[in-house]
Amino acid sequence: MGSPNDWDLMKPAADALEALGVECDVRVISAHRTPQRHHDYVVAAGDAGIEIFICGAGFAAHLAGVTAALTPLPVLGVPLDSSPLDGIDALLATVQMPGGIPVATFGIGKAGAKNAGLFAGSVLARSDASVAKALDEYRAAQTAAVPETPF
Ligand code: RP5
């Protein structure tokens, strides 16, 4: 995420991954204010065992796009509603990637962060039976929690 202040919005991604038993490495990395930290972290990621990036940023949100420019690993982008434009700026910055450098972009804010975490789990579940089992259980519990009537 681009700022420590983004943590409140991005925590649902970490929570979803935790629920699936997937380890995640949470970092504050700004595409604009810590470009060297960004570069060093992303280029070392493959060797460090990182399989998927989830990048959350607000304002002119370049974190996901620049991450995708630096690595062939999958990059999930979460536009954050931390600006006066309520995340519309970040949504457009994150989703409108030039052809050739893909960023899978999720909804604005907490719901997008949660779905990014679950989506990362779905991808990892393809090659990890324990994650697949946890994802099945998560979805079953979610379904069971929906009442048939509002009363
Ligand atoms: C913060 O600036 C926002 O929430 C956003 O994540 C961040 C963008 O950081 P830069 O990459 O532009 O430095 O206020």
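Read-outs throughout are calculated quantities, based only on the coordinates presented, and are distinct from any laboratory measurement. Quick caveat, the model's predicted, so the values are computed rather than measured. No Cβ is skipped: glycine too gets one built from the backbone with ideal geometry, and neighbour counts run over all protein chains shown.
Let me have the 222 nm mean residue ellipticity of the chain computed from DSSP H runs of 4+ only, each contributing -39500 (n - 2.57), with the sum over all residues rounded to the nearest 500.
-15000 deg cm²/dmol
Quick check on packing: order 78-87, 141-150 by the mean number of other C-beta atoms within 10 Å, highest mean leading.
Listed from highest to lowest mean packing, they are 78-87, 141-150.
May I ask you to derive the relative contact order of segment 3-124, considering only C-alpha pairs under 8 Å and at least 6 residues apart, and to give it as an integer percent?
30 percent
Which log10 I(q)/I(0) values does the chain give at q = 0.10, 0.18 Å⁻¹ under the Debye formula, counting every alpha carbon as one identical point scatterer?
Each listed q corresponds, in turn, to -0.35, -1.03.
Could you run the Karplus curve 6.51 cos²θ - 1.76 cosθ + 1.60 with θ = phi - 60° over segment 2-7 and give me ³J(HN,Hα) per residue in whole Hz, x for Gly and Pro?
x, 8, x, 5, 6, 4
Would you work out the charge dipole size for the chain about its Cα centre, treating the Cβ of every Lys and Arg as +1 and the Cβ of every Asp and Glu as -1, and quote it to the nearest 20 debye? Walk me through the numbers on the way to the answer.
Working: 9 positive and 16 negative charges, 41 e Å.
It works out to roughly 200 debye.
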